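Engineer: This is the structure I want to talk about, given as structure tokens.
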Amino acid sequence: MKLNLKVWRQRDAVDKGRLVNYTVDADEDMSFLEMLDVLNEKLILSGDEPVAFDHDCREGICGSCSMVIDGRPHGPQRATTTCQLHMRHYSDGDTIVIEPFRSGSFPVIKDLVVDRAAFDKMIQAGGYVSVNTGSAPEANSNAVPKVAADRSFAAANCIGCGACVAACPNGSASLFLGAKLTHLGELPQGQPERYERVVSMVEEHEAAGFGGCTNTGACATACPKEIPLDVISQLNRDYLAATVGGRKK
């Protein structure tokens with residue numbers, strides 16, 4: 001199939017940037033990133049600068065392949081990362097608009113590549129969990145209710161791609177933040193630093209310039225790992241307990 005692409009090109013963070021038109025021949029069995037590889041090969045052979053975009057595992061695990069496709073983070077398929085999106089969902093002659101994630105907290109580095117260091121700083125602000133050194137503990141020594149374990153595993157699915165931020169009209173990272181806090185907050189290992197963690201991470205969220213959550217739900221809809229919206233409720237409960245409730249050490 002022959003596709004018409006409108007790709008965001010931006011030399012660096014200070015460049016104004018613009019959409020540039022390209023045409024590319026693609027096969028329906030290609031992934032979306034393989035289609036971009038074909039475009040870049042074509043550009044290189046013609047002496048032009050290839051399109052810069054993030055990618056790593058190409059298996060929907062690392063969260064690197066973050067871009068907005070036709071106005072939707074990761075594209076039209078629900079619960080699908082960009083690297084898992086295949087060209088069989090498109091038809092000959094289609095026009096596809098490809099842009100970077102839009103957020104003041106995710107400045108554009110080049111073309112489709114954005115700086116998501118703000119997520120790393122929030123993780124760093126979360127600190128650590130207290131564990132005893134030595135041999136591995138007996139697996140059943142700390143019983144965890146199945147409901148709590150399932151909820152923790154669901155939150156741990158977050159790959160930190162940033163689709164929640166790109167989809168949110170406020171540019172909030174509350175879904176990401178709630179997933180990281182719920183992942184540890186449901187387990188015994190996460191309890192000693194639980195309330196210090198939430199305050200530190202929320203403070204870093206604010207310092208990074210992310211917006212506040214107004215429960216539009218766009219984040220959960222865009223999330224390729226379908227992180228449930230109610231992790232934000234746990235974030236809010238823990239924050240209130242740590243501040244108003246005085247549980248922070």
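The values are calculated or read from the model by the stated rules, or taken from the named source; none is laboratory data. Computed from a predicted structure; not experimentally measured. Cβ: placed from backbone, ideal geometry, glycine included. Neighbour counts: every protein chain shown. Accessible surface is based on the protein model in full, side chains and every heavy atom, while ligands, DNA and RNA are left aside. Shrake-Rupley method; radii C 1.70, N 1.55, O 1.52, S 1.80 Å.
Engineer: Are any of the residues in region 29-38 assigned to a loop (DSSP other than H, G, I, E, B), touching a Lys or Arg at 6+ places or on another chain (Cβ under 6 Å) and open to solvent by less than 90 Å² (accessible area, probe 1.4 Å)?
Structural biologist: no
Engineer: Which condition number does GLU138 fail, the rest of (1) assigned by the TED database to the domain that holds PHE210; (2) in contact (Cβ under 8 Å) with a residue 60 or more places away in the chain; (3) in a loop (DSSP other than H, G, I, E, B); (4) charged (D, E, K, R) being met?
Structural biologist: (2)
Engineer: Taking region 41-50, which residues are more than 27 Å from ASP120 (Cβ to Cβ) and open to solvent by 20 Å² or more (accessible area, probe 1.4 Å)?
Structural biologist: GLU41, LYS42, ILE44, LEU45, SER46, GLY47, ASP48, GLU49
Engineer: Moving to a separate point now. Tell me, please, whether a residue that is hydrophobic (A, V, I, L, M, F, W, C), in a loop (DSSP other than H, G, I, E, B) and closer than 29 Å to SER174 by Cα can be found in region 10-27.
Structural biologist: The answer is yes, given that some residue of region 10-27 is hydrophobic (A, V, I, L, M, F, W, C), in a loop (DSSP other than H, G, I, E, B) and closer than 29 Å to SER174 by Cα.
Engineer: Next question, about the same structure. So for region 226-234 (the condition being more than 26 Å from MET67 (Cβ to Cβ) and not charged (D, E, K, R)), does at least one residue qualify?
Structural biologist: Scanning region 226-234 turns up at least one residue that is more than 26 Å from MET67 (Cβ to Cβ) and not charged (D, E, K, R).
Engineer: Taking only pairs six or more apart or across chains, which ones have beta-carbon atoms under 6 Å, a first residue in region 66-82 that is under 17 Å from VAL108 (Cβ atoms), and a second residue that is open to solvent by less than 40 Å² (accessible area, probe 1.4 Å) and assigned to a strand (DSSP E or B)?
Structural biologist: Pairs found: MET67/ILE98; ILE69/ILE98.
Engineer: Then there is this: Between a residue in region 41-64 that is in contact (Cβ under 8 Å) with a residue 24 or more places away in the chain and any residue that is in a loop (DSSP other than H, G, I, E, B) and loosely packed, with under 12 Cβ neighbours inside 10 Å, which pairs come within a Cβ distance under 6 Å, given they are 6 or more apart or on different chains?
Structural biologist: Close Cβ pairs (under 6 Å, with a partner that is in a loop (DSSP other than H, G, I, E, B) and loosely packed, with under 12 Cβ neighbours inside 10 Å) amount to CYS62/ASP56; SER64/ASP56.
Engineer: Given the criterion open to solvent by 50 Å² or more (accessible area, probe 1.4 Å) and out of contact with any Lys or Arg (no Cβ under 7 Å at 6 or more places or on another chain), identify the matching residue among SER66, SER91.
Structural biologist: SER91
Engineer: Assess whether THR216 counts as being touching a Pro at 6+ places or on another chain (Cβ under 7 Å), assigned by the TED database to the domain that holds SER130 and not aliphatic (A, V, I, L, M). Full working, then the answer.
Structural biologist: Working: touching a Pro at 6+ places or on another chain (Cβ under 7 Å): yes; assigned by the TED database to the domain that holds SER130: yes; not aliphatic (A, V, I, L, M): yes.
Here the answer is yes, as THR216 does meet what is asked.
Quick grid of which residues meet (1) at pLDDT below 95; (2) buried (at least 20 other Cβ atoms within 10 Å of the Cβ):
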position: ASN157; (1), (2): no, no
position: CYS161; (1), (2): no, yes
position: GLY178; (1), (2): no, yes
position: PRO188; (1), (2): yes, no
position: GLU193; (1), (2): yes, no
position: ARG197; (1), (2): no, yes
position: MET201; (1), (2): no, yes
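Engineer: State yes or no: is PRO192 farther than 20 Å from PHE101 by Cα and either outside any loop (DSSP other than H, G, I, E, B) or assigned by the TED database to the domain that holds ALA139 (or both)? Let's see the steps before the verdict.
Structural biologist: Values: farther than 20 Å from PHE101 by Cα: yes; either outside any loop (DSSP other than H, G, I, E, B) or assigned by the TED database to the domain that holds ALA139 (or both): yes.
Judged against the criteria, PRO192 is a match.
Engineer: Can you tell me which of GLY171, GLY185 is over 25 Å from GLN77 (Cβ atoms) and either touching a Pro at 6+ places or on another chain (Cβ under 8 Å) or of a type outside the set (D, E, K, R) (or both)?
Structural biologist: Exactly one residue qualifies, and that residue is GLY185.
Engineer: Every residue in region 69-102 that is under 12 Å from the mean Cα position of the chain (by Cα) and part of a strand (DSSP E or B), please.
Structural biologist: Passing the criteria: only PRO73.
Engineer: Considering region 51-63 alone, what residues qualify as being crowded, with 16+ Cβ neighbours inside 10 Å, among the hydrophobic types (A, V, I, L, M, F, W, C) and under 14 Å from the mean Cα position of the chain (by Cα)?
Structural biologist: The answer is CYS62, and nothing else.
Engineer: Could you identify the single residue in PHE106, PHE119 that is open to solvent by less than 90 Å² (accessible area, probe 1.4 Å) and part of a loop (DSSP other than H, G, I, E, B)?
Structural biologist: Details: PHE119 fails: part of a loop (DSSP other than H, G, I, E, B).
On inspection, the qualifying residue turns out to be PHE106.
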